[in-house]
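S.K.: If you scroll down you'll find the structure; I have some questions about it.
The values are calculated or read from the model by the stated rules, or taken from the named source; none is laboratory data. Everything quoted here is computed from the prediction, not taken from an experiment. Neighbour counts are summed over all protein chains in view; Cβ atoms, including those assigned to glycine, are modelled from backbone coordinates with ideal geometry. Heads up: the accessible areas ignore ligands, DNA and RNA and are worked out on the full protein's heavy atoms, side chains in. Shrake-Rupley method; radii C 1.70, N 1.55, O 1.52, S 1.80 Å.
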Amino acid sequence: ITGLPFAPSFDAKVKMKREFLGGKRASQNVKATGDGGFGDKATSTVSLSGHEWYTQQAHRAVNQAIGRVIRNKNDYGAVLLLDSRFGQARNQDGLSKWVRPHIQNNEGMGRAIGSLVKFYRNA
């Protein structure tokens, strides 16, 4: 995977969705609950902010691409995340939980190729 597939931020539909969610989130934050602020938080729903939705869409696309590598328990494959932004905790948190423990830091192409050779020999 050669990058985070963010939708074009200046696309009219993307802008409208982000603005709508941002406005909805803001109105939820100021709305009175009628219970003096001691309401049951389990029943209250707070929507995603526009920014959260935007990044979630990119992470969803990455996870779908990763999922295409492994379809059942007998499959095996390697996923290379070729973007330095995958080194950031917030982008690793957006990856599926089963992928996170297997992330290896960038140690150069030589080591990456060596790891891939070892992986496929053992697989």
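S.K.: Among the candidates R60, R90, single out the residue that is in contact with a helix residue (DSSP H, G or I) (Cβ under 9 Å, 6 or more places away or on another chain) and open to solvent by 40 Å² or more (accessible area, probe 1.4 Å).
M.R.: After ruling out the rest, the residue left standing is R90.
S.K.: In addition: Scanning segment 101-123 for residues that are in a helix (DSSP H, G or I) and of a type in the set (A, V, I, L, M, F, W, C), which turns out surrounded by the fewest Cβ atoms within 10 Å (Cβ to Cβ)?
M.R.: Checked segment 101-123; the qualifying residue surrounded by the fewest Cβ atoms within 10 Å (Cβ to Cβ) is M109.
S.K.: Just checking, does segment 87-99 include any residue being of a type outside the set (G, A, S) and at pLDDT below 85?
M.R.: no
S.K.: Follow-up question, since we're still on this one. Can you find a residue that is farther than 30 Å from A26 by Cα, among the basic types (K, R) and part of a loop (DSSP other than H, G, I, E, B) anywhere in segment 50-69?
M.R.: Yes, segment 50-69 has at least one match.
S.K.: Does R18 meet the test of being open to solvent by 60 Å² or more (accessible area, probe 1.4 Å), under 27 Å from K118 (Cα atoms), at pLDDT below 95 and among the basic types (K, R)?
M.R.: no
S.K.: A follow-up question, please. Would you pick out the residues in segment 70-97 that are under 13 Å from the mean Cα position of the chain (by Cα) and in a loop (DSSP other than H, G, I, E, B)?
M.R.: L81, Q88, G94, L95, S96, K97
S.K.: Shifting gears a bit: Six or more apart or on different chains, Cβ atoms under 8 Å: show the pairs whose first residue is in segment 22-35 and more than 23 Å from Y54 (Cβ to Cβ) and whose second is modelled with pLDDT under 85 and assigned to a helix (DSSP H, G or I).
M.R.: Pairs found: none.
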